[in-house]
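Enquirer: One structure follows; several queries about it will come next.
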Amino acid sequence: MINTKPISIEDLWESTPTSNRPFDPELLSNLPHLARCYLEQAIAPGTMLASAVRLWMHGEIKLGQKWHSFKGEEVIDWNRGMIWRATTWMNGLPVLGCDRVVDGVGEAKWKMLGLFPVMQASGADITRSCVGRVQAESVWLPSVLCNPDIIWTELSASQVQATFTALGEPAKITLTVSNQGVLEQIKVDRWGSLEGEAFHYGDFGGIAEDSGTFDGYTIPTRLRIGWLFGSEQFES
C-alpha cells in the first residue's frame with residue numbers, strides 16, 4: 001500500500017540541508033544601491049545563507065467578514081515549499097487551519113475542532129496561490145534574495161524590484177526600503193480568487209511595522225499583509 005500521508009511541518013524542517021556558505025557583502029557589488037542596502041541591513045556579515053526558516057507567530061486573520069485572533073507556526077523551505085498551520089476560534093470553538101505547498105502540491109483548509117471542514121481547497125490554482133505566498137514571504141528568508149539568478153531593478157529612490165522564478169512560478173517582488181536599508185513595504189503579483197471571482201493575478205502585499213534580529217537576520221516581526229494592497233479595501 002502506498003503511504004499518501006502528507007509530510008508534516010516537523011519533517012519539512014528536518015529535511016532542510018545545513019548551509020555552509022557565509023554571507024559576504026562583497027558579493028553584492030553588482031547589485032543596485034537599494035538592493036545592496038536592504039540585503040546588508042537584513043543579513044550580518046558571516047551569517048550562513050540559509051535555505052529555510054521556522055517561524056512562530058500570532059495576530060489577527062480575517063475569515064469571511066470577521067477578524068479572529070490566531071496563533072501559528074510556519075516552515076519555509078525555499079527548495080520544496082512551505083507549511084503554515086494555525087489555530088483560531090469561532091464561537092468559542094477552536095478552528096485549525098493550514099496552508100501548504102510541498103513538492104508542487106498545494107492545499108488550503110480550515111477545520112472546526114480539527115475534524116469538521118469549514119473550508120478546504122486544492123488543485124493547480126491553489127498550488128499557484130500558495131507558491132505566491134512563499135515568494136512574498138522571502139522577506140522572512142532574505143538569504144534567498146542573494147541568489148545570483150535574481151534580477152534587481154531600482155524603480156525609484158525608495159523602491160527596488162526583484163524578478164526571479166521560485167518553485168516553478170515567476171515572481172516579481174517590489175520592496176520599499178528606507179535610506180538605511182530597512183524594509184518598509186512589500187508587494188507581489190499573486191495568483192488568487194477573492195469572493196468567488198475567477199483566479200487571476202492581484203496585488204498582495206503589506207507594511208512592515210517592526211523588525212527584530214535573529215541569528216544574524218533582521219526580518220519583519222510585525223507585518224500587516226493581505227490582498228488588495230495599496231487600495232482602500234486593504235486598509236479596511
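Enquirer: Return the subset of 111/172; 66/109; 71/172 for which the Cα-Cα distance in this structure is over 22 Å, preserving the input order. All intermediate terms of the calculation are to be shown ahead of the outcome.
Expert: On the way: 111/172 33 Å; 66/109 17 Å; 71/172 29 Å.
The pairs that break the limit, which is 22 Å between Cα atoms, are 111/172; 71/172.
Enquirer: Hey, another quick one. Run lengths n ≥ 4 of DSSP H only: what is the helix-derived mean residue ellipticity at 222 nm for the chain, with -39500 (n - 2.57) per run over all residues, to the nearest 500?
Expert: On the way: 4 runs with 33 residues, N = 236.
Calculated at 222 nm, the ellipticity per residue is -4000 deg cm²/dmol.
Enquirer: Expressed as a whole number of Å, what is the distance separating the alpha-carbon centroids of the range 14-36 and the range 44-82?
Expert: 21
Enquirer: Using Cα springs under 10 Å in a Gaussian network model of the chain, which residue among 34, 49, 93 shows the largest mean-square fluctuation?
Expert: Of 34, 49, 93, the most mobile in the Gaussian network model is 93.
Enquirer: Assuming R0 = 35 Å, can you tell me the calculated FRET efficiency for the pair residue 124 and residue 179, based on Cβ-Cβ distance, to the nearest 0.05? All intermediate terms of the calculation are to be shown ahead of the outcome.
Expert: Values: r = 42 Å, r/R0 = 1.20.
Efficiency at R0 = 35 Å is approximately 0.25.
Enquirer: Could you give me D for the chain, from Stokes-Einstein at 25 °C and 0.890 mPa s, where the hydrodynamic radius is the Kirkwood radius over C-alpha pairs? Units µm² s⁻¹, please.
Expert: After rounding, the answer is 131 µm²/s.
Enquirer: In nanometres, what is the gap between the two model label sites at residue 103 and residue 44, each 7 Å from Cα along Cα-to-Cβ?
Expert: It works out to 3.6 nm between the two label points.
Enquirer: While we're on this one: Between residue 231 and residue 26, what is the FRET efficiency for a Förster distance of 41 Å, r being their Cβ-Cβ separation, to the nearest 0.05?
Expert: On the way: r = 41 Å, r/R0 = 0.99.
For residue 231 and residue 26, the calculated efficiency is 0.50.
Enquirer: With all protein chains present and a 1.4 Å probe, how do 90, 48 order by accessible area, largest first?
Expert: On the way: 90 40, 48 90 Å².
Descending accessible area places them as 48, 90.
Enquirer: With +1 on each Lys and Arg Cβ and -1 on each Asp and Glu Cβ, how big is the dipole of the range 69-203 about its Cα centre, in debye rounded to the nearest 20? Kindly include the intermediate steps, with their values, before the conclusion.
Expert: Numbers: 11 positive and 16 negative charges, 71 e Å.
So the magnitude is around 340 debye.
Enquirer: Kirkwood Rh over alpha-carbon pairs of the range 110-223, then Stokes-Einstein at 4 °C and 1.567 mPa s: what D in µm² s⁻¹, rounded to an integer?
Expert: Details: Rh = 15.7 Å.
Once the numbers are plugged in, D ends up at 82 µm²/s.
The values are calculated or read from the model by the stated rules, or taken from the named source; none is laboratory data. From a predicted model like this one, the values you see are computed outputs, not experimental measurements. Cβ coordinates were reconstructed from backbone atoms using ideal geometry, including for glycine residues, and neighbour counts include every protein chain displayed. What goes into the accessible areas is simple: the full protein's heavy atoms, side chains included, and nothing from ligands, DNA or RNA. Shrake-Rupley method; radii C 1.70, N 1.55, O 1.52, S 1.80 Å.
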